[in-house]
Each structure stands twice: as C-alpha cells, then as structure tokens.
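S.K.: Dropping a structure here in structure tokens format, bear with me for questions.
The values are calculated or read from the model by the stated rules, or taken from the named source; none is laboratory data. None of these values were measured; they are calculated from a predicted model. Cβ: placed from backbone, ideal geometry, glycine included. Neighbour counts: every protein chain shown.
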Amino acid sequence: MGFSIALIIIVLIVLYSLARTAGESDRTMEQIREQSLLGREESSGGNS
C-alpha cells in the first residue's frame, strides 16, 4: 500500500518537472483551474 502511494507521488513529481522544463506549467495549471471551476459549476447546478 505504501509503495503504491510513493510511486504515485514520484510519477506526479516527474510529470510536474517535465511540464516545467517544457514551459507548459502555467498552461497546465490554467487547464486544471478551468476544469475544477467547470466541475464545481456542473455539480452545483449552474447559476441557480
């Protein structure tokens, strides 16, 4: 169990470092923010 958690953390760190070196970290963060905002709007039922 602990090994799988450590593996996930390592993969996330590697992906993050690759995104930073590619200069796409800002774009990735914007996409994550947009997706989380869209998800919140959909789950709360829109503008009601």
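S.K.: Does Glu41 qualify as being surrounded by 10 or more Cβ atoms within 10 Å (Cβ to Cβ) and at pLDDT 75 or above?
M.R.: no
S.K.: Answer yes or no as to whether Arg33 is modelled with pLDDT of 70 or more, in a helix (DSSP H, G or I) and touching a helix residue (DSSP H, G or I) at 6+ places or on another chain (Cβ under 9 Å).
M.R.: No.
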